[in-house]
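Novice: To start, I am sharing the structure in question, which I have written as structure tokens.
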Amino acid sequence: MVEPIIGKLGATIIGPKNPSREAENKDVVCPPQTDEGILANMRWSFADSHMRISDGGWARETTIRELPSSPSIAGVNMRLKAGAVREMHWHREAEWAYMIKGKARLSVVDQNGKKFQGDVGEGDLWYFPPGIPHAIQGIGDDGCEFLLVFDDANFSEDSTFLLTDWLAHTPKEVLAKNFGVPESAFKNIPKEELYIFQMKEPVPLENCTTAKDAFTHRMHAQTPLKMKMGTVRITDSTNFPISKTIAAGLVEIEPGGMRELHWHTNSDEWQYYISGQARMTVFASEGTARTYNFQAGDVGSVPFPMAHYIENTGTETLRFLEIFKSDRFADISLAQWLSLTPHELVRAHLNIDESLLQNIPKEKTPVV
């Protein structure tokens, strides 16, 4: 049981309690004494988001409404059973996605009339620029679950441009004129949007037809940056050229390790926790800092350019995504900053020994 007690400070909670919630957020209930001041909440769980249940799957979203400290990015967690389709649609926003489990078939047409059909599996990404129409279908034994990321925190699934919604709100005589067929051809079209619906699983692809720009990327197939306590895979426009507005890092940290003290120089950070448990302290300047706890299914945010670390506090590998509204991944580590700054200047600031500074690596080691 977690209580707000540090040594002789604090006292037990004798009023109403939520033990399970408090156990998930022990560093909020009993923060480190280095925490100071008030910061906006930087944690949200998809478990607390509204679950939109449809025929063949579900979706739940985390936007600026749920997490006001994230003004740049919104996310959607979606599940499709085998054969189920996220109906043909497009968005005002760019869509970036990470496949969490299972497999999906993507069907896309670009503005030049080029088509793309391809299958994606666990650890794969896709990116659709704004306005590009597409559909997603679950395939394989049990379909799929994935994370969608949009480059606008005000995004909502309700604002998607859906094929069925459009045609249901277009006069049938106009549809008939457009396609050169009788009005009767449209007598059975849906009267409202389908959103997610069940159909038969598609036949296997014999050939993957590609548009000029590849919409998919195999993130797990990247050679990771390997460190003593974990790995990092970075995907941005340098190795996934079509992804112009979203950059990401997939971080894996072994028990006892941590994502080093650092900050990002180009964007707010939006995090999605895939497995394990974590602790993060965010330093916001003005003597203000706050510590948060995370587990699988949680979302974290770090406003630009606040300093932070992420520590594995569990007994299994911590795996999470760092996501940015940017065409590139960029950060500065505390260790590299100190090692490359004249040491006499650093010693004058921190009153530390030269031997410590000599042992700080000059190269980045994101996981320590």
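Novice: Computed over the Cα atoms, what is the radius of gyration of segment 48-217 divided by 2.2 N^0.38 Å, N being its residue count?
Specialist: 1.07
Novice: Still on this model: Could you size up the charge dipole of segment 48-217 around its Cα centre, putting +1 on the beta carbon of Lys and Arg and -1 on that of Asp and Glu, and report it in debye to the nearest 20?
Specialist: My answer is approximately 440 debye.
Novice: Going from the alpha-carbon gyration tensor of segment 225-368, what semi-axes, largest first and in whole Å, does one get by taking the root of 5 times each eigenvalue?
Specialist: 25, 18, 16
Novice: Mean residue ellipticity at 222 nm from the helices of the chain, using -39,500 (n - 2.57) per DSSP H segment of n ≥ 4 over the full residue count, to the nearest 500 deg cm²/dmol?
Specialist: -3000 deg cm²/dmol
Novice: So how strong a dipole does segment 231-273 carry about its Cα centre when Lys and Arg Cβ are +1 and Asp and Glu Cβ are -1, to the nearest 20 debye?
Specialist: 160 debye
Novice: Could you name the lysines in cross-link range of LYS172, using Cα to Cα under 23 Å and dropping any fewer than eight places away on the same chain?
Specialist: Partners within reach: LYS187, LYS191.
Novice: How compact is segment 242-316 by the rule of thumb for globular proteins, expressed as Cα Rg over 2.2 N^0.38 Å?
Specialist: Ratio of Cα Rg to 2.2 N^0.38 Å: 1.12.
Novice: With a 10 Å Cβ neighbour count serving as the proxy for reagent exposure, in which order, fewest first, do HIS349, HIS134, HIS91, HIS220 appear?
Specialist: HIS349, HIS220, HIS134, HIS91
Novice: For segment 257-297, what is one quarter of the convex hull surface built on the Cα atoms, given in nm²?
Specialist: 3.6 nm²
Novice: Under a Cβ-only charge scheme (Lys and Arg +1, Asp and Glu -1), can you give me the dipole magnitude of the chain about the Cα centre, in debye to the nearest 20?
Specialist: That gives a dipole near 480 debye.
Read the figures in this text as sums done on the coordinates, not as results from a lab. The shown structure was predicted, so the numbers you read here are calculated from the model rather than taken from an experiment. Cβ: placed from backbone, ideal geometry, glycine included. Neighbour counts: every protein chain shown.
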